[in-house]
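Shown next, in structure tokens, is the structure this report addresses.
The numbers here are math on the coordinates, done by the rules we state, and not lab data. What you see is a predicted model, and the numbers here were worked out from it, not measured in a lab. As a convention, Cβ positions derive from the backbone with ideal geometry for all residues, glycine included, and neighbour counts pool all protein chains shown.
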Amino acid sequence: MNPKAIVFLKFLSLSLILSCGSCKKVQTVNQKPTNASVPCQIDSEFAVSEAKEDGFFKAHKSKSPIEIDGCSKDAIWSSADWYAMNYLWMGDKVDPTDYHGRFKLAWDNQYLYILVEVIDQTLSPTLVNGIDNYWKGDYVEVFIDEDKSGGNHKFNHQAFAYHVSTEGHAIDKNTLEKTVFFDDHIEVARSQEGNTHIWEMSIKLFDNQFNENSTTNTPVKISAQKSIGFSIAYGDNDGNNIREHFIGSKKTHGNNNDDGYINSDVFGSILFVE
């Protein structure tokens, strides 16, 4: 990375105060009410994000449930490592002052938790109704294969490719080849401090027996040493009504780095540890 860019990122991170009193919570459609009097928090110190070329990550168990409020105040986030989300999958080279991404992982028996921090000069909402153009607005895409078995998942639930929109929807294809919301799978909240955006999520894990026509699907319980297929990426739209960049957590992601929404063989992984 350009030395000037590194200095800029250090300055930017150091300039964010821990209490983040001016940090703006952004209410989304898939977010529980939160206590607005509690200040948001963004890391006050520059921390190196570990890049994982192979996309193999570890998530540590949280000793208490994590409140999804987009404010990263839960204890586990202060000790969890930052992982980089800066491998360019699609588009031209990105100026780090326009985009820089990183994330943290945690878990309990009920949920996979993800904290995403993105520097993005222009945050674009999902276009139109969030269905027809779900991949053209800014979004975080979370790829999950619960049993790490791989395979085609484009129009089935062998795996999921959740497009988490700025509005808080979790969007993927169903078995009828239609684009639908899976909002009951993911709870998400966002906050903002200048050009820095925090996305905090709790995600239920469903196996390949998930039935989209049933109301009795049971999420898989998480335990130590369980491993799942996983990748995460950011779709960047700087206001031109297209996905201008696609930037992910591992070096390659299949054909043209755009195979993840079809083939879960290209995912990285998470190992859950105590």
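What is the calculated FRET efficiency for Asn133 to Glu274, with r their C-beta to C-beta distance and R₀ = 45 Å, to the nearest 0.05? All intermediate terms of the calculation are to be shown ahead of the outcome.
Values: r = 42 Å, r/R0 = 0.93.
The computed FRET efficiency comes out at 0.60.
What is the sum of charges around Glu53, taking Lys and Arg as +1, Asp and Glu as -1, for the other residues whose C-beta is under 9 Å from the C-beta of Glu53?
+2
With a 10 Å Cβ neighbour count serving as the proxy for reagent exposure, in which order, fewest first, do Met85, Met201, Met90 appear?
Details: Met85 24, Met201 28, Met90 17.
Ascending number of Cβ neighbours within 10 Å: Met90, Met85, Met201.
In whole Å, what three semi-axes, largest first, describe the equivalent ellipsoid of region 94-168 built from its Cα gyration tensor (square root of 5 times each eigenvalue)?
Details: eigenvalues 117, 69, 28 Å².
Semi-axes (√(5λ), whole Å): 24, 19, 12.
Measuring from label point to label point, each 7 Å out along Cα→Cβ, what is the Lys154 to Asn213 span in nm?
According to this spin-label approximation, the distance is 2.3 nm.
Let's test the formula: R0 of 41 Å, r as the Cβ-Cβ distance of Lys93 and Glu67. What FRET efficiency results, to the nearest 0.05?
Values: r = 37 Å, r/R0 = 0.91.
FRET efficiency, Lys93 to Glu67: 0.65.
Rounded, prolate or oblate, given the Cα gyration tensor of region 191-274, with a/c below 1.5 counting as rounded? Intermediate results must be reported in sequence, preceding the final value.
Working: a/c = 1.64, a/b = 1.48, b/c = 1.10.
Judged from the Cα gyration tensor, region 191-274 comes out prolate (a/c at least 1.5, a/b above b/c).
Rounded to the nearest 0.05, what FRET efficiency is calculated for Ala51 and Asp258 with R0 set to 25 Å and r the Cβ-Cβ distance?
Values: r = 20 Å, r/R0 = 0.81.
Taking R0 as 25 Å, the efficiency between Ala51 and Asp258 is 0.80.
Ordered by packing density, taken as the mean number of other Cβ atoms within 10 Å over each peptide's residues, highest first, how do 263-269, 226-232 rank?
Working: 263-269: 21.1, 226-232: 23.1.
Per-residue mean Cβ counts within 10 Å order the peptides as 226-232, 263-269.
What does the charge count around Asn263 come to, taking other residues whose C-beta lies under 12 Å from its C-beta (Lys +1, Arg +1, Asp -1, Glu -1)?
Details: positive: Lys154; negative: Asp145, Asp258, Asp259, Asp265.
With Lys, Arg at +1 and Asp, Glu at -1, the net is -3.
For the residue pair Thr175 and Ala224, what label-to-label distance in nm results when each label sits 7 Å from Cα along the Cα-to-beta-carbon direction?
3.7 nm
Summing Lys, Arg as +1 and Asp, Glu as -1, what charge do residues with Cβ under 14 Å from the Cβ of Ser124 carry, Ser124 excluded?
Numbers: positive: Lys136, Arg190, Arg243; negative: Asp98, Asp120, Asp138, Glu167, Asp236, Asp238, Glu244.
Local net charge: -4.
In cubic angstrom, how much convex hull volume per residue do the alpha carbon atoms of region 48-188 span? Please report the intermediate quantities before stating the final value.
Numbers: hull volume 19.7 nm³, N = 141.
Considering the Cα atoms of region 48-188, their hull volume per residue is 139 Å³.
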